[in-house]
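**Student:** For reference, the structure I am asking about is given below.
Nothing in this text is a laboratory measurement; each read-out follows from the coordinates by a stated rule. As the structure is a computational prediction, the values presented were derived from the model and not from experiment. Because the Cβ atoms are built from the backbone with ideal geometry, glycine has one as well, and the counts that use them run over all protein chains shown.
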Amino acid sequence: MASLSLRNIRKVYDNKVTAVDDFNLEINDKEFVVFVGPSGCGKSTTLRMIAGLEEISAGELYIDDKLVNSIAPKDRDIAMVFQNYALYPHMTVYENMAFALKLRKTPKKEIDKKVREAAEILGITEYLDRKPKALSGGQRQRVAIGRAIVREPKVFLMDEPLSNLDAKLRNQMRAEIIKLRHRIDTTFIYVTHDQTEAMTLGDRIVIMKDGFIKQIGTPQQVFNHPDNLFVAGFIGSPQMNFFDAELQQDAEGSYVVLVNGAEFKLSAAQQEALKANEAKPQKIVLGVRPEHISLCENEPAVPHLNAVVDVSEMMGSSIHLHVNSGEKDVVIVLQTVDLPVEKRSGFEYGEEVSFTFDPDLMHLFSAETEQNLI
């Protein structure tokens, strides 16, 4: 078990390309931290710098208060699980899992005990005598994880370990990793481009873009309070809807949002936050999650937007309604149990609908800086 401290970490390659810049993060002992972001954002590079597989161009990396920038990977007491399993094809599962312990000259009895304990935890005891080619993708990934477990490292590093698996197996392995985390109780750093994995696995999520950290927070924090437009659009599935809008103040000085001719008065908490931030009337990007949009009557009493149905996707317990409003595509997620019986099988193409938002669930971003105004 270990804590880590990454201070002003930077990675610049020989061709002058900066992969990671000004990366600052404190990871607590036994914490599960997920690095997430689109391809090329620097998350795997950061993980490889922690492992010692990439040289750190600038900054300091501490493991348990010990500076490890110049310490060899084998001496950092870290185990890494790769995307492609990296198993030895000529060795059995048992031999693959025991290999690192043999190199350490660990006694045979102790090796056997650790390998069999790890195999039991991962449910691969019956495969110990098989070669990797005789295993499925999910079984191979379990072996790769088992090989890391037997070493009892201070820190587990996982680089997109589930990306080669099909959707069903990925869900199953995700649950296995959650259980494993509680059983071995150590520090995990997990890299993924899949925000569902990030949200379900992490105690905290580090969201990256173009080598920079865009936000660090718990899954709930980054979902409910995105710091900026990028995080708002990246976290959540289906993606958050964005509308061109204006933040204005009425005659009493209260803030209102104007979008496509509809005026939404903001809640007391939002008013207070905007006043505290000295927000001026300005052009904004209004963000609303698909599940936070509700259908309503086309009546002046309720601020609303009108739209035409393009696609109605039946998802079983919900309908994903793709509509066109003011030449903008909008996705609305509706729970089928909340719909009238005649609408539970879907909506017709070209059907006219009206929708509204709860102001409390709106996200307001500056059109200029893309930062959250609240």
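**Student:** For the chain, take the convex hull of the Cα atoms, compute a quarter of its surface area, and give me that in nm², please.
**Tutor:** Quarter of the Cα hull surface area: 23.4 nm².
**Student:** What FRET efficiency would be calculated for the residue pair Glu246, Glu291, taking the C-beta separation as r and a Förster radius of 35 Å, to the nearest 0.05?
**Tutor:** 0.90
**Student:** To two decimal places, what compactness ratio does region 39-96 give when its Cα radius of gyration is scaled by 2.2 N^0.38 Å?
**Tutor:** 1.37
**Student:** Need one word for region 22-62: rounded, prolate or oblate. Basis is the Cα gyration tensor (sqrt eigenvalues a ≥ b ≥ c); a/c below 1.5 gives rounded, then a/b vs b/c decides.
**Tutor:** The shape class here is oblate.
**Student:** Under Stokes-Einstein, with the Kirkwood radius over Cα pairs standing in for Rh, what whole-number D in µm²/s applies to region 298-338 at 37 °C and 0.692 mPa s?
**Tutor:** Estimated via Stokes-Einstein, D reaches 293 µm²/s.
**Student:** Using alpha carbon centroids, what distance separates region 142-185 and region 318-344, in Å?
**Tutor:** Between the Cα centres of region 142-185 and region 318-344 lies a distance of 37 Å.
**Student:** Go ahead and estimate [θ] at 222 nm for the chain from helices alone: -39,500 (n - 2.57) per DSSP H run with n ≥ 4, summed, over the residue count, rounded to 500.
**Tutor:** Value at 222 nm, helices only, nearest 500: -7500 deg cm²/dmol.
**Student:** Continuing with this model, one more query. Report the FRET efficiency, 1/(1 + (r/R0)^6), for Phe82 and Asp329, where r is their Cβ-Cβ distance and R0 is 25 Å, rounded to 0.05.
**Tutor:** Rounded to the nearest 0.05, the efficiency is 0.05.
**Student:** Check the straight Cα-Cα distances from Lys105 and name the lysines below 21 Å, setting aside those fewer than 8 residues away within the same chain.
**Tutor:** Lys74, Lys113, Lys114, Lys154
**Student:** Another question, if that's okay. Region 81-137 to region 2-40: how many Å between their Cα centroids?
**Tutor:** Using only Cα atoms, the two centres lie 30 Å from each other.
**Student:** Here's a follow-up. Find the Rg to Rh ratio for region 4-227, where Rh is the Kirkwood radius over alpha-carbon pairs and Rg uses the same atoms.
**Tutor:** A ratio of 0.97.
**Student:** Looking at the chain as a GNM with Cα springs under 10 Å, which of Val309, Val206, Val288 has the largest mean-square fluctuation?
**Tutor:** Among Val309, Val206, Val288, the largest GNM mean-square fluctuation belongs to Val309.
**Student:** Compute for region 123-259: radius of gyration divided by Kirkwood radius, i.e. Rg/Rh, restricted to C-alpha atoms, rounded to two decimals.
**Tutor:** 1.15
**Student:** Given springs between every Cα pair under 10 Å in a Gaussian network model of the chain, which of Gln83, Gln215, Gln282 has the largest fluctuation?
**Tutor:** Comparing Gln83, Gln215, Gln282 in the GNM, the peak value goes to Gln282.
**Student:** Oh, and also: Expressed as a fraction of 2.2 N^0.38 Å, the rule-of-thumb size for a compact globular protein of N residues, what is the C-alpha radius of gyration of region 23-156?
**Tutor:** Rounded to two decimals, the normalised Rg is 1.15.
**Student:** Continuing with the same structure: Using just the Cα positions, wrap region 238-366 in a convex hull and report its mean projected area in square nanometres, one decimal place.
**Tutor:** About 8.3 nm², averaged over all directions.
**Student:** Evaluate E = 1/(1 + (r/R0)^6) for Glu120 and Ala301, where r is the Cβ-Cβ distance and R0 equals 51 Å; express this FRET efficiency to the nearest 0.05.
**Tutor:** 0.20
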